[in-house]
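Visitor: Pasting a structure here, questions to come.
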Amino acid sequence: MRGAGTGHGGGDGDGARVEHPFERLRSIRESTEDWCMHTATAPPRLEDMTDEERETKPVHIRDVPVDVIEVLQRRAGRAGMSLTSYLRHTFAEMAARPTMEEWVERATDRSWGVRREAILDAVREIRAGVDEK
């Protein structure tokens, strides 16, 4: 066990501080939270977009139940928007947020600066400490 969380070297005499597993897990969690907050940004408002960014295509959706349309029309009215504007805004918001699959793909594709084995070792060390109590 590397220093057993004492903050001291494992007796090798070099005086180097050994990072406690909780510290590493905390820093991983904090970097993940920062990343999540960064990716959850609001889409640009249509009026703030350039002509090139505003390029659109018509979309026709068939067989939408009447009760669904009524709910969407009420929501649009409360927002002071037409149904078309409300749907355009809602679609832009949906497209700006990653799906869970996209989020997981981004999260697993990047280097977190720690090896998988180091995380597993830290978890095992923590669990061993809990089991001992």
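Visitor: Which of (1) under 22 Å from ASP48 (Cα atoms); (2) loosely packed, with under 11 Cβ neighbours inside 10 Å does ARG62 not meet, given it meets every other one?
Guide: If we test ARG62 against (1) under 22 Å from ASP48 (Cα atoms); (2) loosely packed, with under 11 Cβ neighbours inside 10 Å, just (1) comes out false.
Visitor: Is it the case that some residue within the stretch 107-114 is in a helix (DSSP H, G or I), assigned by TED's automatic domain parsing to the domain that holds THR56 and farther than 22 Å from HIS60 by Cα? Spell out the reasoning first.
Guide: Of all residues in the stretch 107-114, those in a helix (DSSP H, G or I) come to 107-109.
From what is left, the residues that are assigned by TED's automatic domain parsing to the domain that holds THR56 are none.
Among the residues of the stretch 107-114, not one is in a helix (DSSP H, G or I), assigned by TED's automatic domain parsing to the domain that holds THR56 and farther than 22 Å from HIS60 by Cα, which makes the answer no.
Visitor: Here are GLU101, GLU93, GLU105: which of them is acidic (Asp, Glu), within 18 Å of the chain's Cα centre (by Cα) and under 24 Å from ASP48 (Cβ atoms)?
Guide: Details: GLU101 fails: under 24 Å from ASP48 (Cβ atoms); GLU105 fails: under 24 Å from ASP48 (Cβ atoms).
After applying the criteria, what remains is GLU93.
Visitor: Mind listing just one residue for me: the one in the stretch 68-98 that is in a helix (DSSP H, G or I), out of contact with any Leu (no Cβ under 7 Å at 6 or more places or on another chain) and small (Gly, Ala, Ser) and, of those, surrounded by the fewest Cβ atoms within 10 Å (Cβ to Cβ)?
Guide: In this case the residue turns out to be ALA95.
Visitor: Which residue out of GLU52, GLU101 is charged (D, E, K, R), surrounded by fewer than 13 Cβ atoms within 10 Å (Cβ to Cβ) and at pLDDT below 80?
Guide: Numbers: GLU101 fails: at pLDDT below 80.
None of the other options fit; the residue is GLU52.
The values are calculated or read from the model by the stated rules, or taken from the named source; none is laboratory data. Quantities reported herein were computed from a predicted structural model and do not represent experimental measurements. Cβ sites come from the backbone with ideal geometry, for glycine too, and all protein chains shown count toward neighbours.
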